[in-house]
Amino acid sequence: MNIILLGAPGAGKGTQGLSLAEKFRIPQISTGDILRANVRSRTQLGLKAKEFMDKGALVPDDIVVNMLVDRINADDAKAGCILDGFPRNINQAEVLEKTLASMGKSISTVIGIEVDRKELVRRLSGRRVCRQCGASYHVIFNPPLNIGRCDKCGSEIYQRDDDKEDTIEARLKVYESETFPLVDYYSRKGLYRAIDGKGSVDQITLTIVGAIEQGSDNSKVS
Ligand code: AMP
């Protein structure tokens with residue numbers, strides 16, 4: 001089972017990815033999380049990636065693709081994975097397909113979480129995330145019980161640099177020009193399932209689980 005979560009920044013890929021990984025007992029693979037971990041530990045890859053991440057741009061494919069290929073080859077991803085934030089352009093999608101094929105695998109379903117732009121900006125500008133476990137909060141709509149601390153693991157929560165106003169606009173533009181074409185790409189392959197990303201987190205998870213279990217027929221699920 002190899003599931004792709006597609007959607008603009010702020011659509012809820014990370015939040016839904018966590019729940020789906022638990023439900024299906026396969027890892028959530030977030031290229032953004034792997035890159036941020038590299039930035040934190042100041043690896044060479046992290047230092048190179050940071051320049052692009054700070055601007056809201058995509059990190060060059062050669063960096064991200066190698067990182068992803070290593071990760072999906074790991075033992076814990078043998079039964080499949082939930083891909084969150086990869087692929088982000090057509091080239092990455094093609095490489096992913098070839099890599100999976102070489103392992104005798106394929107993409108099961110592509111879940112497109114759809115949220116309008118105004119709501120995305122509202123979510124991203126108030127978003128806070130846990131440094132440790134990646135749990136996501138919102139300063140107004142979903143604050144943690146103790147200010148600055150994660151409800152789940154007690155670690156510090158913080159605002160990502162790229163969730164600041166100027167970078168949000170740049171990221172949404174990059175999504176529209178580079179990533180959005182994947183909706184058409186996967187629809188043509190009969191793999192795309194559109195999910196309405198507005199509503200309660202649990203309700204959206206249920207809808208996504210339904211879509212994954214039904215397989216792909218390109219219709220909108222609500
Ligand atoms: P995310 O946490 O998915 O919002 O990703 C944060 C940032 O990491 C993005 O704005 C990009 O700069 C970079 N990034 C994450 N995934 C990819 C990818 N598949 N290709 C290129 N850059 C990526």
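Things to note:
- Here the dipole of the chain is about 320 debye; that uses its Cα centre as origin and unit charges on the Cβ of Lys and Arg (positive) and Asp and Glu (negative).
- Shape call, the range 1-109: gyration tensor on alpha carbons, a/c limit 1.5: prolate
- Positive-end residue of Ile82, Pro143, Leu45, charge dipole of the range 37-172 with Cβ unit charges: Pro143
- Karplus-derived HN-Hα couplings along the range 33-39 (A = 6.51, B = -1.76, C = 1.60, θ = phi - 60°), whole Hz, x at Gly and Pro: 5, 5, 5, 5, 5, 5, 5
- For the chain, the antiparallel share of DSSP beta bridges with both residues in that region comes to about 30%.
- Global form of the range 137-222, assessed from the alpha-carbon gyration tensor, a/c cut-off 1.5: oblate
- Cross-link pairs beyond the 27 Å C-alpha cut-off, checked among Lys23/Lys198; Lys55/Lys98; Lys118/Lys189: Lys55/Lys98; Lys118/Lys189
- Once the chain from Glu51 to Tyr158 is taken as fully extended at 0.36 nm per residue, the excess over their C-alpha distance is 36.5 nm.
- Computed [θ] at 222 nm, deg cm²/dmol, the chain (DSSP H ≥ 4; -39,500 (n - 2.57); rounded to nearest 500): -13500 deg cm²/dmol
- Length added when fully stretched, Asp196-Asp166, from 0.36 nm per residue minus Cα-Cα: 8.2 nm
- Overall form of the chain per C-alpha gyration tensor (a/c, 1.5; a/b vs b/c): rounded
- The packing ranking, built from the mean of other Cβ atoms within 10 Å per residue, places the peptides 118-129, 139-150, 177-188, 6-17 in the order 6-17, 118-129, 177-188, 139-150, highest first.
- Computed extension gain for Glu94 through Lys189, at 0.36 nm per residue and net of the alpha carbon distance, reaches 33.0 nm.
- With the simple spin-label model, which puts each label point 7 Å out from Cα in the Cβ direction, the Ala74 to Ile140 separation comes to 3.7 nm.
Rule-based calculations on the coordinates, nothing more; no lab input. All values derive from a computational prediction rather than experimental measurement. No Cβ is skipped: glycine too gets one built from the backbone with ideal geometry, and neighbour counts run over all protein chains shown.
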